[in-house]
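The values are calculated or read from the model by the stated rules, or taken from the named source; none is laboratory data. These figures come from a predicted structure and were not determined experimentally. For neighbour counting, all protein chains shown are included, and Cβ atoms are generated from backbone atoms with ideal geometry for every residue, glycine included. Surface areas here come from the heavy atoms of the whole protein model, side chains and all, with no ligands, DNA or RNA. Shrake-Rupley method; radii C 1.70, N 1.55, O 1.52, S 1.80 Å.
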Amino acid sequence: MGKVAITTKFFREEVERLRKAGHTVVVHEGAPLGKPELIAFAQDAEALIVLLSNRIDAEVFSSLPKLKIVANLGVGVDNIDVAAATRHGVFVTNAPEVLTEATADLAWALLLAAARRIVEADQDLRREGFPGWTFLPKHMGVDVYGKTIGIVGFGRIGQAVAKRAKGFGMTVLYHARTRKPKVEEELGARFVPLPELLRESDFVVLCVPLTPETHHLIGKNELSLMKREAILVNVARGPVVDEEALVWALKEGKILGAGLDVFEREPEVHPELLTLRNVVLTPHIGSATWATRRRMAALAVDNVLAALRGERPPTLVNPEVWPKVMPAT
Ligand code: NAP
Ligand code: GLV
């Protein structure tokens, strides 16, 4: 039976499931581990369950020769050098599907909060008291119902965002690498090139993975194409947006506002974003609901148990590693 190293505080019942299967489990409950500490913590581990903030690169794989699987507690795997994992014959797994609806909900929470200036209004009410009902109050917002939403990245989360948009009577535009005729029909969504989406949308929601192609997909040029009264929502990854350019656009009134769950240099947040009133900020909590996090933990454990039995893990990211000769532990 193998050693399983978990780099974060975890649900007790999931740790028990691993122990009942005969594995030794170590759990790190403190601040996210840096690379040397992670390597020391996971020595001799056959399975690693990791956070998005753990950078798992070639050095980690070389330093942990017994490793069979890295189970990521998130769907995006930009924190893992998947090619290096494959070279070392290590499975990488992620958490698709189980967090789609929670993340789409958060995208909508940010969209609505930015459009209706909820956070500003709440802060001002607490600080200054209820100002009385006035006809043209300080917190005038913009309509959402019946407007145009442009979704960049139209996979699981992008489509879940689009489904919600139907309830708001919106025109749905999308951009992805490939067209999706079936979904277009189901959701009444229209595929457009990115510049057209940016020009036509009142709300632009980013739902792409972070890859070399999507790094700074939204920069000064793209922000300049957006309507002055448009709002940008990012629930994808911080580096998909050039944060310096976004600060410029928000300060210069090139766009009306933004809702951001992710940041270019997490855990650092651009200091100027913290001073701007036309942006709503959340600390990467897209999937952070109790039920969703339980499902993510259970899926990571399912993946580890399968790998350590010598079976194919259910949500394998690098199928090239399967099948391979790997004795069960
Ligand atoms: P998914 O189902 O794989 O969808 C990704 C979409 O992005 C696909 O439609 C894909 O196009 C599109 N795409 C990829 N590269 C592109 C490019 N260069 N240009 C345009 N479109 C591109 O993934 P998902 O489950 O929806 O998750 C998406 C991302 O959301 C994750 O990778 C993660 O980074 C982020 N996320 C964040 C949170 C959070 O807490 N904020 C939570 C969950 C996920 P094709 O369909 O043509 O392949
Ligand atoms: C969260 O950001 C994820 O990729 O699941």
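Please give the FRET efficiency for Thr211 paired with Ala83, using the beta carbon to beta carbon distance and R0 = 22 Å, rounded to the nearest 0.05.
0.95
Give me Rg/Rg_expected for region 181-329, where Rg uses Cα atoms only and Rg_expected = 2.2 N^0.38 Å with N residues.
Scaled against compact globular proteins, the figure is 1.34.
Kirkwood Rh over alpha-carbon pairs of region 86-175, then Stokes-Einstein at 25 °C and 0.890 mPa s: what D in µm² s⁻¹, rounded to an integer?
For these conditions, the coefficient is 154 µm²/s.
Using Cα-Cα distances under 8 Å and only pairs 6 or more residues apart, what relative contact order does the chain have, in percent?
The value is 18 percent.
Evaluate the relative contact order of region 1-84 (contact order divided by residue number), counting alpha-carbon pairs under 8 angstrom at least 6 apart; express in whole percent.
30
Using each residue's phi in region 287-292, evaluate 6.51 cos²θ - 1.76 cosθ + 1.60 at θ = phi - 60° and report the 3J(HN,Hα) Karplus result to the nearest Hz, with x for Gly and Pro.
Values, residue by residue: 9, 7, 10, 4, 5, 5 Hz.
Work out from phi, with θ = phi - 60° and the Karplus expression 6.51 cos²θ - 1.76 cosθ + 1.60, the ³J(HN,Hα) of each residue of region 231-238, listed in order in whole Hz, and give x for Gly and Pro.
10, 9, 10, 10, 10, 8, 9, x
Kirkwood hydrodynamic radius for region 165-247: how many Å is it when counted over pairs of different Cα atoms?
By the Kirkwood definition, the hydrodynamic radius is 13.5 Å.
Under 5 Å between amide hydrogens, which residues at least 5 positions from Phe191 or on another chain qualify, with H placed 1.01 Å from N in the peptide plane?
Under 5 Å from the amide H of Phe191: Tyr174.
Report the Rg/Rh value for the chain, based on alpha-carbon coordinates and the Kirkwood definition of Rh.
1.02
With everything on Cα atoms, drop me the angle between helix 156-167 and the longest principal axis of the chain, reported from 0 to 90° to the nearest 10.
Value to nearest ten degrees: 30.
How big is the gap, in Å, between the Cα center of region 283-306 and the Cα center of region 92-116?
14
What number comes out for accessible area per residue over the chain if the probe is 1.4 Å? Units Å², please.
Heavy-atom accessible area per residue stands at 48 Å².
Tell me the GluC sites (Glu not before Pro) within region 224-314 that lie in a loop according to DSSP and have at most 15 other beta-carbon atoms within 10 Å.
Here the sparse-neighbourhood loop sites are Glu229, Glu272, Glu311.
Could you tell me which of the pairs Lys20/Lys66; Lys138/Lys227; Lys9/Lys163 are separated by over 31 angstrom between their Cα atoms in the structure shown?
Lys9/Lys163
Under 8 Å for C-alpha pairs, at least 6 residues apart: give me the relative contact order for region 105-217, rounded to a whole percent.
27
For the chain, give the percent of accessible area contributed by carbon and sulfur heavy atoms, probe 1.4 Å, rounded to a whole number.
56
Do any GluC sites (Glu not before Pro) in region 21-91 lie in a DSSP loop with no more than 10 other beta carbon atoms within 10 Å, and if so, which?
Glu29
Helix 100-116: angle to the longest alpha-carbon principal axis of the chain, degrees 0 to 90, nearest 10?
On a 0 to 90 degree scale, this one is about 20.
Once the convex hull of the alpha carbons of region 1-51 is built, what does its volume come to per residue, in cubic angstrom?
Hull volume normalised by residue count: 61 Å³.
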